[in-house]
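Enquirer: One structure coming up, written as structure tokens, with questions to follow.
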Amino acid sequence: MMRLKVYLSSISKDFFSINYNHFLMRIVYDLISQENITLGKMLHSMNGPKPFTFSRIMLRNYNVEKDRITVYKGTKAEIIISSIEEAIIESIVNTLIKKDFVKIGNARFYVDKFEVYAKNISCQEKFVLLSPIVISKPVDRNGKLYHEFLEPQSDEFVDRFVRNLKKRYEILIGKKAGDVEFIPDTEYINTHCTSKLIDMKGTKIKAHIFPFTLKGDKKLIEFGYYAGFGERTAQGFGCAEVIEIDRKDL
């Protein structure tokens, strides 16, 4: 299990869409496939959950104009890619070593540096989301199946969060999952706008960003930290980081 933090700086003033998840997803797959085409094809063809996630682009010195983000020459950016499979991170690293820049939409970024790291996860951790989390339930409407996106205040969100985490663990790890207690930070949720509406190439996805605590099976919590929490993790949802600060500082 491993994480990669990539540090970027923009080459010139340019822009990309605020709905950039599919750009990042393509970059991740390309970086993997350029080093290990077999692994890249395997990940593409996998049905069900995938063993990685990634954060939003964390930018400094930028501007949001309607539906696009403008960056300037020298704008700094960071992206975290996380996986339970070390081969995924190793493939990305080996490709980045050979690359001068990456392209996000119209904007090109120099690869300044990167660092690989791992973190010891305990049986109780508080997390902040680096990319929004998606939890939904299937709903039948006139014979067609739709996904109803759930709100973090609801008991059903809490229940489906845990069920999703355990199911993905059992599929990807191949062992029976332990139990965890999921505790959303309700004070934060009740005083902040947590929802994000993201367009994934025409599909509208409602997701949320908020702090939460997990208590219980260490291996299951560790799995979520590296593989992501919730649905659509390989599309850049549910990437979280451990925090050790008061909620007022979030």
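Enquirer: Which order do the peptides 60-73, 165-178 take when ranked by the mean count of other beta-carbon atoms within 10 Å per residue, highest first?
Expert: 165-178, 60-73
Enquirer: Calculate, in nm to one decimal, what E86 and Y146 gain on full extension: separation in residues at 0.36 nm each, minus their alpha carbon distance.
Expert: Net length gain for the segment: 18.1 nm.
Enquirer: Quick check: residue separation of N120 and K219 times 0.36 nm, minus the Cα distance between them. What number comes out in nm?
Expert: 34.6 nm is the gain from fully extending N120 to K219.
Enquirer: Shifting gears a bit: Tell me, what is the percent relative contact order of the chain, built from C-alpha pairs under 8 Å that lie six or more residues apart?
Expert: 28
Enquirer: Still on this structure, I have one more. From the square roots a ≥ b ≥ c of the eigenvalues of the alpha-carbon gyration tensor of region 91-225, which class results: rounded (a/c under 1.5), prolate (a/b over b/c), or oblate?
Expert: Oblate is the answer for region 91-225, as a/c is 1.5 or above yet b/c matches or exceeds a/b.
Enquirer: Quick one: order D159, D14 by neighbouring beta-carbon count within 10 Å, fewest to most.
Expert: Ordered from fewest to most neighbouring Cβ atoms within 10 Å, D159, D14 come out as D159, D14.
Enquirer: Now a separate question. Take D100 and S17, extend 7 Å from each Cα along the Cα→Cβ direction, and tell me the distance between the two endpoints in nm.
Expert: Taking the two extended label points, one gets 2.8 nm.
Enquirer: Taking the chain as the reference, fit the longest principal axis to its C-alpha atoms, fit the long axis of helix 21-35 to the helix C-alpha atoms, and give the angle between the two in degrees, 0 to 90, nearest 10.
Expert: Here the helix axis deviates by roughly 70 degrees.
Enquirer: Does region 133-208 come out rounded, prolate or oblate, given a ≥ b ≥ c as the square roots of the eigenvalues of its C-alpha gyration tensor, rounded meaning a/c under 1.5 and, failing that, prolate meaning a/b above b/c?
Expert: oblate
Enquirer: What are the lysines whose alpha-carbon lies under 19 Å from the alpha-carbon of K41, with same-chain residues fewer than 8 places away excluded?
Expert: Cα-Cα hits under 19 Å: K50.
Enquirer: Taking only Cα atoms, what is the 0 to 90° angle, nearest 10, from helix 218-227's long axis to the longest principal axis of the chain?
Expert: The helix 218-227 is inclined about 40 degrees to the chain.
Enquirer: Give the peptides 217-230, 108-121 in descending order of average Cβ contacts within 10 Å, highest first.
Expert: Descending packing order for the listed peptides: 217-230, 108-121.
Enquirer: Going highest first, how would you order 204-210, 185-191 by mean Cβ packing within 10 Å?
Expert: Final packing ranking: 204-210, 185-191.
Enquirer: On full extension of the chain, what length is gained from N190 through V64, given 0.36 nm per residue of separation minus the C-alpha to C-alpha distance?
Expert: Net length gain for the segment: 42.8 nm.
Enquirer: Relative to the longest principal axis of the C-alpha atoms of the chain, give the angle of the C-alpha long axis of helix 86-96, reported between 0 and 90° and rounded to the nearest 10°.
Expert: Helix 86-96 and the main axis of the chain meet at about 20 degrees.
Enquirer: In what order do C193, C123 fall by count of nearby beta-carbon atoms within 10 Å, going from fewest to most?
Expert: So the ranking, lowest neighbour count to highest, is C193, C123.
Enquirer: About its Cα centre, what dipole magnitude does the chain give when the only charges are +1 on Lys and Arg Cβ and -1 on Asp and Glu Cβ, stated in debye to the nearest 20?
Expert: The dipole of the chain has a size of about 700 debye.
Enquirer: While we're on this one: Under a Cβ-only charge scheme (Lys and Arg +1, Asp and Glu -1), can you give me the dipole magnitude of region 124-249 about the Cα centre, in debye to the nearest 20?
Expert: 620
Enquirer: Principal axis lengths of region 1-160 from Cα atoms, whole Å, largest first?
Expert: Result, largest extent first: 49, 39, 36 Å.
Enquirer: Going by Cα centres, region 95-137 and region 181-250 are how many Å apart?
Expert: What the calculation gives is 14 Å, centre to centre.
Enquirer: Sticking with this structure for a sec: Quick check for you: which residues of region 31-67 have the amide N under 15 Å from the point 7 Å beyond the Cα of E170 toward its beta carbon?
Expert: Taking a point 7 Å out along Cα→Cβ of E170, the residues of region 31-67 whose backbone N falls under 15 Å are 49.
Quick note: the coordinates plus some simple rules give every number you see, no bench work behind them. Model, not experiment: these values are computed from the prediction. Positions of Cβ are backbone-derived with ideal geometry, glycine not excepted, and every protein chain shown enters the neighbour counts.
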